[in-house]
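The values are calculated or read from the model by the stated rules, or taken from the named source; none is laboratory data. Because the structure is a prediction, the values reported are computed rather than measured. In this analysis, Cβ positions are derived from the backbone assuming ideal geometry, glycine residues included, and neighbour counts consider all displayed protein chains.
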Amino acid sequence: MDFYHFAKSVVYGLLKPLYRLDVKGTEHFPETGGVLLCANHTSLLDPPTVGITAPRPVSFMAKAELFEAPILNKLLPGLHVFPVKRGLSDRSAVRTALGLLKDGGVVGMFPEGTRSKDGTLGKPMSGAGFFALKGGDAVVVPCAVIGQYKPFRKVKIRFGRPIDITPYRERRASADEVAEMIMEHIAKLISEEKRPEKA
């Protein structure tokens, strides 16, 4: 077992019972090929939660400052985390993400770009649309994280069906349009889960 899968199993063992993680939709996740995994963002726990519940290893961007810490700069690469310079057009991070997608990897992204303070969906930034359009044959898998991270209160993770971006690429849709479309799919996953549960 490599370090990524070891760490994933440890974190899963901690978060699963603590937040009663309820995961559905993993059967929709493509077994092979590039995937841009897009989720809503309300907590610092979203990246590890999405990462440990996804069926395949997920690579995330993280602010470059984290890689300056003596321990983290050794751990983060093993966790499939790569640096991005915030507030700048980081060509190296862009190349890394696109390379992963084109090589059949999974890249995790939060289209809103920042955490929502009240849990409502924010307006997406164009970045998710850009990577969806430029990621070769990669598909987009929407993901909804529903619930607050309170001990022993259920947090739901819902993976949606893959979105084929080919039609958008062919008609040269804008990154903003594709980002909005991705957020609509995430919003639909959330609304479906917020319907009253049967007793």
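Among the listed residues SER9, SER43, SER59, identify the single one that is free of Cβ contacts under 8 Å to residues at least 60 places away in the same chain and surrounded by 15 or more Cβ atoms within 10 Å (Cβ to Cβ). Don't jump to the end; show me each part of the working.
Numbers: SER9 fails: surrounded by 15 or more Cβ atoms within 10 Å (Cβ to Cβ); SER43 fails: free of Cβ contacts under 8 Å to residues at least 60 places away in the same chain.
Just one listed residue meets the conditions, SER59.
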Within segment 148-199, can you find the residues that are β-branched (Val, Ile, Thr) and over 25 Å from LEU18 (Cβ atoms)? ILE163, ILE165, THR166, VAL178, ILE182
In segment 161-175, is there at least one residue being touching a residue at least 60 places away in the same chain (Cβ under 8 Å) and part of a loop (DSSP other than H, G, I, E, B)? yes
Failed item, numbered, when PHE82 is tested on (1) closer than 25 Å to PHE6 by Cβ; (2) among the aromatic types (Phe, Trp, Tyr); (3) in contact (Cβ under 8 Å) with a residue 60 or more places away in the chain: (3)
Quick one: which residue in LEU44, LEU14 is over 23 Å from MET181 (Cβ atoms), at pLDDT 95 or above and not basic (Lys, Arg)? LEU14
For segment 51-109, how many residues meet the condition of being out of contact with any Gly (no Cβ under 9 Å at 6 or more places or on another chain) and of a type in the set (Phe, Trp, Tyr)? 2
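In segment 68-79, which residues are surrounded by 16 or more Cβ atoms within 10 Å (Cβ to Cβ) and either out of contact with any strand residue (DSSP E or B) (no Cβ under 9 Å at 6 or more places or on another chain) or without any contact (Cβ under 8 Å) to a residue 60 or more places away in the chain (or both)? Don't jump to the end; show me each part of the working.
Keep residues of segment 68-79 that are surrounded by 16 or more Cβ atoms within 10 Å (Cβ to Cβ), which gives 76, 79.
Passing the criteria: only LEU76.
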Taking segment 136-152 as the region of interest, how many residues are surrounded by fewer than 23 Cβ atoms within 10 Å (Cβ to Cβ) and in contact with a Lys or Arg (Cβ under 7 Å, 6 or more places away or on another chain)? 4
Filter segment 58-95 down to the residues that are more than 16 Å from the chain's Cα centre (by Cα) and of a type in the set (Ser, Thr, Tyr) and list them by number. SER89, SER92
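So how many residues does segment 106-131 have that are crowded, with 21+ Cβ neighbours inside 10 Å and not acidic (Asp, Glu)?
Start the filter on segment 106-131 by keeping residues that are crowded, with 21+ Cβ neighbours inside 10 Å, which leaves 106-112, 124, 128-129, 131.
If we keep only those that are not acidic (Asp, Glu) as well, we get 106-111, 124, 128-129, 131.
Qualifying residue count, segment 106-131: 10.
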